[in-house]
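The structure under discussion appears below in the form of structure tokens.
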Amino acid sequence: MQLTYLGHACFLLETSTAKILFDPFVNPNSIVQEIRATTLDKSLVSKLNTDDIQCDYVLVSHGHEDHVADAEAILKSTNATVVSNFEIVSWFQSKGVQNGHPMNHGGSWTFDFGRVKYVTAVHSSVLPDGTYGGNPGGFVIEADGKTIYYAGDTALTYDMKLIAESYKVDLAILPIGDNFTMGPEDASKAAKFVECDNVIGMHFDTFGYIKVNHEDVINLFAQNDQHIELMTIGQTKEL
Ligand code: NI
Ligand code: MN
């Protein structure tokens, strides 16, 4: 399995059978724009070109612009299936997206690549045009023998302990940027709650409010005997 970071909260997870894109926000991301303008690495430019992104599923945690900005175009160009709460899937379908799989909190579904549970996130959710975006969530994904918790935008919540009761999480992808979501201290506690010391950070640096000192974050987790990785945009890692 491979995971590629496309900036902010956007990741592409490639399992043995499917490509799963999370929370696409690439083109409006000023850090991505800067990389495009300055890099000489053609493969990096291609990875960050939303016209080139191939995926079978787009998982959307909640309705905010910084999680859905490129979703409609990618869903239409790839014919991928959007997986989110009922309200968000209905919104994409009203825009002409053909394939949708609506879920709601606590529900699981077995897709062709594995099983997905839509879990609680403590945040808000409204779509960019003001349409009600249901309640925000995160996902627990079981695929290729691994369990990944993608938290979405969330505060620290005791509900995360329920995940550890039902799953052995191999990787937790957690927001760390503070202000709109958990900051690093609470993300470290969240990793404890889900009983996973292998963390990838997201939702940091994109805007002024969420800039973090990478070294401080890594040290904080290390002090708690946890490992956090802050992937660089365009980086791909083997899971
Ligand atoms: Ni949000
Ligand atoms: Mn956000």
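Worth pointing out:
- Of the residues examined, E142 is one that is in contact with a Gly (Cβ under 6 Å, 6 or more places away or on another chain) and either within 16 Å of ligand 1 (Cβ to nearest atom) or open to solvent by 10 Å² or more (accessible area, probe 1.4 Å) (or both).
- Among the residues of the range 169-188, some residue qualifies, meaning at least one is more than 23 Å from H62 (Cα to Cα) and touching a strand residue (DSSP E or B) at 6+ places or on another chain (Cβ under 9 Å).
- 2 or more residues within 18 Å of the chain's Cα centre (by Cα): qualifying helices (runs of 4 or more DSSP H) within the range 133-223: 160-166, 184-193
- Number of residues in the range 177-196 that are touching a Ser or Thr at 6+ places or on another chain (Cβ under 9 Å), among the hydrophobic types (A, V, I, L, M, F, W, C) and either within 13 Å of ligand 2 (Cβ to nearest atom) or open to solvent by 30 Å² or more (accessible area, probe 1.4 Å) (or both) equals 2.
- Matching residues in the range 110-139 - criterion: being aliphatic (A, V, I, L, M) and either open to solvent by 50 Å² or more (accessible area, probe 1.4 Å) or closer than 18 Å to T81 by Cβ (or both): V116, V122, V126
The rows are residues; the columns are (1) outside any helix (DSSP H, G or I); (2) not β-branched (V, I, T).
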{"site": "P24", "(1), (2)": "yes, yes"}
{"site": "I31", "(1), (2)": "no, no"}
{"site": "N49", "(1), (2)": "yes, yes"}
{"site": "G63", "(1), (2)": "yes, yes"}
{"site": "K76", "(1), (2)": "no, yes"}
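- Summed over the range 121-132, residues that are within 16 Å of ligand 2 (Cβ to nearest atom) and part of a loop (DSSP other than H, G, I, E, B) total 7.
- Filtered residues of the range 148-169 (kept if touching a Ser or Thr at 6+ places or on another chain (Cβ under 8 Å), open to solvent by 20 Å² or more (accessible area, probe 1.4 Å) and among the aromatic types (F, W, Y)): Y167
- Qualifying positions in the range 162-184 - touching a helix residue (DSSP H, G or I) at 6+ places or on another chain (Cβ under 7 Å) and farther than 19 Å from I141 by Cβ: I176, G177, D178, N179, F180, M182, P184
- Taking the numbered list (1) surrounded by fewer than 14 Cβ atoms within 10 Å (Cβ to Cβ); (2) within 16 Å of ligand 2 (Cβ to nearest atom) in turn, G7 passes all entries but (1).
- Members of the range 59-87 found to be open to solvent by 10 Å² or more (accessible area, probe 1.4 Å) and either among the β-branched types (V, I, T) or under 14 Å from the mean Cα position of the chain (by Cα) (or both), listed by number: H64, E65, D66, A69, D70, T78, T81
- D112 vs. criteria over 16 Å from the mean Cα position of the chain (by Cα), among the acidic types (D, E), more than 16 Å from ligand 1 (Cβ to nearest atom) and in a loop (DSSP other than H, G, I, E, B): yes
The values are calculated or read from the model by the stated rules, or taken from the named source; none is laboratory data. Source: prediction; values computed, not measured. Cβ: placed from backbone, ideal geometry, glycine included. Neighbour counts: every protein chain shown. Ligands, DNA and RNA are stripped out before the accessible areas are found, and what is left, the full protein with its side chains, is counted by its heavy atoms. Shrake-Rupley method; radii C 1.70, N 1.55, O 1.52, S 1.80 Å.
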